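What follows is one structure encoded as structure tokens, with my remarks underneath.
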Amino acid sequence: MARIAGVNIPTNKRVVIALQYIHGIGQKSAKDIVSRVGIDDARRVNQLTDQEVLHIREAIDKDFTVEGDLRRETSTNIKRLMDLACYRGLRHRKGLPVRGQRTQTNARTRKGPAKPIAGKKK
């Protein structure tokens with residue numbers, strides 16, 4: 001099992017798919033990394049040599065913010081918005097949708113399960 005950026009990536013998957021298990025690397029980034037290192041798209045992780053895994057690791061460290069650093073940066077940005085008390089920060093603080101979505105009928109993901117209101121009948 002290869003360990004890249006602190007994540008054990010699955011061994012029996014293609015390299016492009018396995019790299020996407022790392023937080024901060026999506027489909028396009030994974031394809032860019034594989035093409036830059038010079039690995040065929042059809043290769044699987046268990047077919048890689050230690051040298052190729054090392055090259056992938058170096059390419060990720062050099063060009064991408066991933067895993068813990070990315071999570072820390074994201075949480076710092078959200079915390080900054082909340083400290084500023086701007087509109088987006090207030091929405092984060094209240095646990096409501098931040099980007100203008102409607103809340104009267106939807107937004108159950110952010111608001112949590114519906115709470116019953118006492119005495120309300122149809």
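The values are calculated or read from the model by the stated rules, or taken from the named source; none is laboratory data. All of these numbers come straight from a predicted model, not from anything done at the bench. No Cβ is skipped: glycine too gets one built from the backbone with ideal geometry, and neighbour counts run over all protein chains shown. What goes into the accessible areas is simple: the full protein's heavy atoms, side chains included, and nothing from ligands, DNA or RNA. Shrake-Rupley method; radii C 1.70, N 1.55, O 1.52, S 1.80 Å.
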Less than 21 Å apart at the alpha-carbon level, and either on another chain or at least 8 residues along: which lysines does that give for Lys120? Lys111
Net dipole in debye of the chain [+1 Lys, Arg Cβ; -1 Asp, Glu Cβ; about Cα centre; nearest 20]: 1640 debye
For the chain, treating each Cα as an identical point scatterer without solvent, what Debye log10 I(q)/I(0) comes out at q = 0.11, 0.22 1/Å? -0.58, -1.13
Run the accessible area of the chain with a 1.4 Å probe and give the carbon-and-sulfur part as a rounded percent. 49 percent
Hey, can you find the accessible area per residue of segment 18-122 for me, probe 1.4 Å, expressed in square angstrom? 76 Å²
Placing +1 on each Lys and Arg Cβ and -1 on each Asp and Glu Cβ in the chain, then taking the dipole about the Cα centre, the residue among Thr49, Val15, Cys86 whose Cα reaches farthest towards the positive end is Cys86
Specify the angular offset, from 0 to 90 degrees and rounded to the nearest 10, of the alpha carbon long axis of helix 27-37 from the longest principal axis of the alpha carbons in the chain. 20 degrees
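Rounded if a/c is under 1.5, else prolate if a/b beats b/c, else oblate: with a ≥ b ≥ c from the C-alpha gyration tensor eigenvalues square-rooted, which is segment 7-51?
Because a/c hits 1.5 or more and a/b fails to exceed b/c, segment 7-51 counts as oblate.
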So what's the angle, to the nearest 10 degrees on a 0 to 90 scale, between helix 67-84 and the longest Cα principal axis of the chain? 30 degrees
At 7 Å along the Cα-to-beta-carbon direction for both Thr103 and Ser35, put a label point, then send me their distance in nm to one decimal. 4.3 nm
Would you please give the FRET efficiency between Arg71 and Ala118, computed as 1/(1 + (r/R0)^6) with r the Cβ-Cβ distance and R0 = 25 Å, to the nearest 0.05? 0.05
Tell me which lysines have Cα within less than 26 Å of Lys31's Cα, excluding those fewer than 8 residues away on the same chain? Lys13, Lys62
